Structures are given as structure tokens and as C-alpha cells.
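Below: one structure, written as C-alpha cells.
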Amino acid sequence: MHPTNTPTGRLAAVGNQMIEIHLWLSTALARIRARLDSPNPPDGARPSRDLRAHCLAFCAALGRHHTGEDAGAFRLLAEEIPELRPVIDNLIADHEVVAGILRRVETVLTGDPAVPPSRVRAELDGLAAILETHFRYEEKRLVTALNALTGRAGTAEELLGLPRP
């Protein structure tokens, strides 16, 4: 594990911290999807209130992470390493697709009580598939560049939108 900040308030191994955040988000999504497979309440119409709360909290955390990357790490990398701009543009486009799925998940979870659990499952399965490829692509293309930011003032949370789990 890497500290979020060194004692002098400088960045350290931001790329590695991004991987840790991705692992945490992937694990959280896998837990939510697994809970959808557990028995539903007797009415069977919607996931439990607890599951909805966990799912909405996950959606908010994922949204903060992507918004943080767009405004933090991606902006900084695009300024400092212009040849990464096409990669960053692809990642930002992915973030927009993910944001659309998150909106649909939130609508399904907070909207019509008659929405079947299968609709929630379909949205979360699609989200998991996109995130798997998105996270791997982002890690493959950006970890080394992010780790090179070591020694700059700031926090990984400022660049990645979330603290390291």
C-alpha cells in the first residue's frame, strides 16, 4: 500500500493508488451484483432498501472518481504529456457512457416500484462489463505517467476523486 500523501504533502504512486481504487470499486460492484442473486423480499418487486442504498452509494462513489479524474489527473496529464490526449479523450468518452448507465441505475432504483429486479441486474451487468475494460485500459495507459507525478504537492484524492480505500 502507498500513502495518500507523504509527510510533506506530496504525491506518491498516484497510478498505484488508482489501481487500488479500481479494485475497491470492482469489488463493491461485485458484492452488489451478488446480493441481487440472494432471495428477494416476499413482494419480489424491488431489491431491498439496504441493497438500494448500497447501490446508490456505489454509483455516487464511481461518479466522484470519474469526475475527479476528468478535472484532476486527466487535465494534468493532458497538459504535461500531450501525446496522451487521445487516450484521455477515449477515457472521458467512457466516463460519459458510464454516467449514463449510473443515471439509469438510479432511475430504476428510485423510480417505479414495479421495476423488476432483472432490470437492475441488466444495468449492473452492463456497467460491470464496461468498467472491466475501462479500468484495464486506463491502468495500462496511465499508471506509469501518474506514478511519475511523485513529488508534486497535492493529494491523490484531488487527482482521482476518491481517497485510496
- Item | Positions within region 46-95 being among the polar types (S, T, N, Q) and touching a Gly at 6+ places or on another chain (Cβ under 9 Å), in sequence order | 67
- Subset of region 146-165 that is farther than 23 Å from residue 28 by Cα and surrounded by 19 or more Cβ atoms within 10 Å (Cβ to Cβ) - its residue that is modelled with the highest pLDDT: 146
- Task: Test residue 133 against the stated conditions and say whether it is modelled with pLDDT of 90 or more, among the hydroxyl-bearing types (Ser, Thr, Tyr), more than 19 Å from residue 14 (Cα to Cα) and not in a loop (DSSP other than H, G, I, E, B).
- Result: yes
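Residues are listed down the side, and each one gets a yes or a no for (1) farther than 24 Å from residue 163 by Cβ; (2) surrounded by 13 or more Cβ atoms within 10 Å (Cβ to Cβ); (3) more than 17 Å from the chain's Cα centre (by Cα):
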position: 59; (1), (2), (3): no, yes, no
position: 64; (1), (2), (3): no, yes, no
position: 73; (1), (2), (3): no, yes, no
position: 77; (1), (2), (3): no, yes, yes
position: 86; (1), (2), (3): yes, no, yes
position: 91; (1), (2), (3): no, yes, no
position: 127; (1), (2), (3): no, yes, no
- Filter pass, residue 75 being over 22 Å from residue 155 (Cα atoms) and modelled with pLDDT under 95: no
- Query: When both residues are 6+ apart or on different chains and their Cβ atoms are under 7 Å apart, which pairs have a first residue that lies in region 37-56 and is farther than 13 Å from residue 107 by Cα and part of a loop (DSSP other than H, G, I, E, B), and a second that is at pLDDT below 70 and of a type in the set (Gly, Ala, Ser)?
  - Reply: 45/114
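The values are calculated or read from the model by the stated rules, or taken from the named source; none is laboratory data. Everything quoted here is computed from the prediction, not taken from an experiment. So basically every Cβ, Gly included, is an ideal-geometry build from the backbone, and we count neighbours across all protein chains shown.
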